[in-house]
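All of the numbers you see were taken from the coordinates with simple rules; none came from a lab. Just so it is clear, the structure is predicted and the values come from calculations on it, not from any experiment. Counting neighbours? That spans all protein chains shown, and the Cβs are built from the backbone with ideal geometry, glycine included.
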Amino acid sequence: DAGVIQSPRHEVTEMGQEVTLRCKPISGHNSLFWYRQTMMRGLELLIYFNNNVPIDDSGMPEDRFSAKMPNASFSTLKIQPSEPRDSAVYFCASLDEAGGRRELFFGEGSRLTVL
Amino acid sequence: GQSLEQPSEVTAVEGAIVQINCTYQTSGFYGLSWYQQHDGGAPTFLSYNALDGLEETGRFSSFLSRSDSYGYLLLQELQMKDSASYFCAVSLNSGYSTLTFGKGTMLLVSP
């Protein structure tokens, strides 16, 4: 398997524009996570899907953020409208629970800069 | 909610042993994980403890004491390539497998 695949790797946009980040999890993993990483706040959980259903979205900052998982192999995180404070690295991760050890596999991240 | 505490930075020299501590406060604790992240890269899984005691994987070991809400990551025979950030993360026994990460410890290994 190629691992968790995220796109784009880098995005620079202007305030007010819509941003869509994409993620393909590892086949067979039933749980998918979106995290945001900044120097100030560390790794924050934004939303968590299990079997394509959003389970916990309490970390989504506000209504400007939305996430979907239309099928087991694809998820999107959308920010509309974007603001400079949204600048961060956004990671998607899928979970392997084989043997009960709950190992997260992260994608390489999408580095977002909002000007 | 959950909270995790770990030192922000640790320094050591090549060949040394270093211990990175993690204390947590949470209800419904299930397990403690450790992840490594090199600058600009993705976090990668190092170890997982659900039961008390020591888990050893090569140069890295991880320890958990559930009664003390405490764990640590032990890195032996340090190498320059071990310079990275190390995160502890708790997972809960809530029926779902969310993981909450600490703020991370930056390890700087010098020659």
Average beta-carbon neighbours from other chains, 10 Å sphere, peptide B:38-51 | 4
Cα pair distances in segment A:38-90, grouped into 10 Å bins until the bin that holds the longest one, percent each | 21, 54, 24, 1
Kirkwood-based Rg/Rh on the Cα set of the protein assembly as shown evaluates to 0.97
Given the convex hull of the Cα atoms of chain B, what is a quarter of its surface area in nm²?
-> 6.6
Calculated FRET efficiency for the pair A:Ile5/A:Gln80, C-beta based, R₀ 25 Å, to 0.05 = 0.65
Could you grab the relative contact order for chain A? Cα pairs under 8 Å, six or more apart, rounded to a whole percent.
-> 36
FRET efficiency (A:Glu97, B:Ser110; Cβ distance; R0 45 Å; to 0.05) is 0.70
Along its principal axes, what span do the Cα atoms of segment A:11-71 show, with the longest given first and each in whole Å?
-> 36, 23, 21
Can you list the equivalent-ellipsoid semi-axes of segment B:1-51, largest first and in whole Å, using the square root of 5 times each Cα gyration tensor eigenvalue?
-> 23, 14, 12
Sparsely packed GluC sites (Glu not before Pro) within segment A:1-40, loop by DSSP, other Cβ within 10 Å at most 15 = A:Glu14, A:Glu18
Partnerless cysteines (no other Cys beta carbon under 4.7 Å) identified across the protein assembly as shown are none
Here P(r) for segment A:5-108, Cα-Cα distances in 5 Å bins, as whole percents, is 2, 13, 24, 26, 19, 10, 4, 1, 0
For labels at B:Met80 and B:Ser8 in the simple 7 Å Cα→Cβ model, what's the distance in nm?
-> 2.7
Round to a whole angstrom and tell me the spacing of the C-alpha centers of segment B:70-111 and segment B:34-54.
-> 5
Calculated FRET efficiency for the pair A:Ser58/B:Arg59, C-beta based, R₀ 35 Å, to 0.05 = 0.40
Excluding same-chain residues fewer than 8 positions from A:Lys68, which lysines have a Cα within less than 25 Å of its Cα?
-> A:Lys24, A:Lys78
Relative contact order for segment A:1-68: what is it in percent, counting Cα pairs under 8 Å that are at least 6 residues apart?
-> 21
Zone of B:Ala16's modelled label, taken as backbone nitrogen in segment B:61-100 under 18 Å from a point 7 Å along Cα→Cβ = B:61, B:73-86
